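I have placed the structure first, in the form of structure tokens, so that the comments after it can refer back to it.
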Amino acid sequence: MTIYIDNEYKCHVADDGTMRPVETDFFHGKCDAFIEGYRLVPEGESWTREDGEVFPGEMVAPWKDFAELDAVQREYERQQMEDMREALTVLGVNVDG
Amino acid sequence: MGECLITRRGGDPLSFKVVGGASQPSNAEENTIWVNTDTPITSWDFSASEAHRRSGSRNLIVYPYYHTTRVANGVEFTDNGDGTITVNGTASSGADAYFVIAAEGIPQKEFILTPGTYTLSGGVGDDTTNKCSLSVYTSADDWATTSGRYRASETPRTFTIDQTVKARAFIQVYGGVTLVNQVFKPQLEKGSATTSFIKGDATGQAWIKTADNGLRQFNALKKNGVILRPVSAKQYLNGAWISKPVKLYQNRAWQELAQYLYKNGEQYTSLTGGWGLGSGTVSGGKGGFAANADHLSFTGEADTYYGFGTTLKAVDLTNFSTLHVYGDGGGTFGVGTAQDGNFNASASVGSTLQNYSVDISGLSGSHYVKFKIGGSSTLRAYEVWLE
């Protein structure tokens, strides 16, 4: 899938005109809020953390608290499941069995 | 050089000296910590009064509190011993009654908050009508000014701070107000959610204020009954905090203080459970694993299959910010919550034998440290460690 990174290597799902596209399968099945809590450093490039630690690419790591991202992703998956069950119900499929 | 005191569980002090410089000091005393700095450090001024505690539990408010059971301005505050405080009485008119949970300017009692979102809960009533509150105040400049004031009634309060601050906490009953058997459950949690009350403790990180106007963080690790163990140090240099290696002179030898998960054949089994193949599969294969004399090797399976290896026990990443691998070959390493090929944070190992790192500062709690190798590639790991 294609995501976009800004000049701090933070991930975005849409380009605001200042970003560049990156192909990755790391975020397969993840919701937008989860993706936008991550930093992706492409291969051949490096990112320097505030404390001076240098991370060469490729690296994918959360810059937001992962516990928050995980909670958002779980809610997204719960909603996806609910939507699917509703769709099956509309089609007359017994989803409780 | 300076001296420092960090408290173990139960208050038993662990004292050590800290020295700086580009070369390893000779004739060191026992329990001396050497920080490998670019320039010698000559003016560090550590003292027992500058060691800070932080709760190691989900509740970040340090317990025991500054005050114990007390009567103030006609109000009785009872420390119930389980982290809750029962309040009874009428505050004298014109004077508020306070129960101090964490005190300003008393390093062993105030606590440190790093940038992030927090939720304060456990107050009672509505502070508009009941006129009492549970408060956390913060300061980024040693209490010259207060940077944040956060109050919770029975409704929790979520707030975000963008720099490291010292924090104090207290219960306040306004003058003339009467409370009857009101129970406060002071709780400060990371994030925006409120969960069930749990008593805080004093087993978390120690922060040390130094004379050169900076805070040094000594990460904490729970192991073998010793609660506080410095594993990394930071030096404030040219306007930024720089990570520095730390060594401790103990048993007449300089010991690495990074938390190793593998090094020179040692698998650190008590922490990792050993190393091996994952229990699940990715694209069908598990690949190969070998524990050699001085390195671990992981191989992928031919064609399209992946191989993956992992610690056999989950490792607590709390208080660590970086996972390092010294190795070569080709593949991915990182951390995840299951023994499979999925990562919550990952980075690549290339063909050059060197240190590869991944940022894990956004992660905490139990994770497996893992490797994933594609095709028929091989990845060799000579050292794996956390800082």
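For segment A:9-14, putting each phi into the Karplus relation 6.51 cos²θ - 1.76 cosθ + 1.60 with θ = phi - 60° gives couplings of 6, 7, 8, 9, 8, 9 Hz, in residue order, rounded to whole numbers and with x for Gly and Pro. Structural descriptor for chain A: relative contact order 20 percent, calculated from alpha carbon pairs under 8 angstrom and at least 6 residues apart.
Rank these by accessible area, largest first, 1.4 Å probe: B:Ile198, B:Ile61. Mind showing how you got there, number by number?
Details: B:Ile198 65, B:Ile61 0 Å².
Listed by decreasing accessible area, they come as B:Ile198, B:Ile61.
Against chain A, whose longest principal axis comes from its Cα atoms, helix A:66-90 is set at around 30 degrees. Inter-chain Cβ neighbour count for A:47-58, averaged per residue, equals 6 (cutoff 10 Å, partner chain atoms only). Computed from protein heavy atoms with a 1.4 Å probe, the total accessible area buried between B and A is close to 1600 Å².
Amide H contacts for B:Val315 (H built 1.01 Å from N in the peptide plane; partners 5 or more residues away or on another chain; cut-off under 5 Å): B:His367, B:Tyr368, B:Val369. Computed from backbone phi, the HN-Hα couplings of segment B:261-273 come to 10, 7, 6, 6, x, 7, 9, 6, 4, 4, 9, 9, x Hz, rounded to whole numbers (Karplus: 6.51 cos²θ - 1.76 cosθ + 1.60, θ = phi - 60°; Gly and Pro given as x). If the chain linking B:Thr195 and B:Thr69 were pulled fully straight, counting 0.36 nm for each residue of separation and taking away their Cα-Cα distance, it would gain 42.8 nm. In the structure shown, the pairs A:Lys10/B:Lys199; B:Lys185/B:Lys370; A:Lys30/B:Lys313; A:Lys10/B:Lys190; B:Lys190/B:Lys263 are assessed against 30 Å; a Cα-Cα span above that value is assigned to A:Lys10/B:Lys199; B:Lys185/B:Lys370; B:Lys190/B:Lys263.
So, by mean Cβ neighbours within 10 angstrom, what's the order for B:149-156, A:86-93 with the highest one leading? Could the numbers behind the result be given before it?
On the way: B:149-156: 16.9, A:86-93: 9.8.
Final packing ranking: B:149-156, A:86-93.
With a 10 Å cut-off around each Cβ of B:342-348, the average count of Cβ atoms from other chains is 6.
Would you mind telling me the share, in percent, of accessible area of chain A contributed by carbon and sulfur at probe 1.4 angstrom?
C and S fraction of accessible area: 49 percent.
The values are calculated or read from the model by the stated rules, or taken from the named source; none is laboratory data. Fair warning: this is a prediction, and the values are worked out from it, not measured in the lab. Reconstructed Cβ throughout: ideal geometry from the backbone, glycine too, with neighbour counts over all protein chains shown. Note: accessible area is taken over every heavy atom of the protein model, side chains too, but ligands, DNA and RNA are not part of it. Shrake-Rupley method; radii C 1.70, N 1.55, O 1.52, S 1.80 Å.
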